[in-house]
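The values are calculated or read from the model by the stated rules, or taken from the named source; none is laboratory data. Since we're looking at a predicted model, the values are computed, not measured. Every residue, glycine as well, gets a Cβ built from its backbone with ideal geometry; the counts of neighbours run over all protein chains shown.
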Amino acid sequence: MLRSFLAKKYTRIQYQINHENFLNYASYRFFSLSLLVTFIAVALLQVAGLLFHEKRASDLDQEKNSLLTIKFAFQEYFTFTLI
């Protein structure tokens, strides 16, 4: 009787631990995916703004800086997710 009680208790605790681990993993994946989608959306908006914008001499420096910003944003994102 004690053995069956402990077995049920152990099974319930294992289920709770597995469920909590899954929720932590799922929330991490959701956060990671939402961060990636945000970076992609910002990059697309910046690229679209660069494509449909009348270019002047001063805008070329801004375009170069924008592309560098996109590059560094992706580098930071992938560095963050790999760590």
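Quick check, is SER58 modelled with pLDDT of 70 or more and either loosely packed, with under 10 Cβ neighbours inside 10 Å or not β-branched (Val, Ile, Thr) (or both)?
Values: modelled with pLDDT of 70 or more: no; either loosely packed, with under 10 Cβ neighbours inside 10 Å or not β-branched (Val, Ile, Thr) (or both): yes.
So SER58 does not fit the description; no.
Kindly establish whether GLU76 is of a type outside the set (A, V, I, L, M, F, W, C) and either at pLDDT 75 or above or under 16 Å from the mean Cα position of the chain (by Cα) (or both).
In short, yes.
Residues that are modelled with pLDDT of 85 or more and small (Gly, Ala, Ser) within segment 23-49 comprise SER34, ALA41, ALA43, listed in sequence order.
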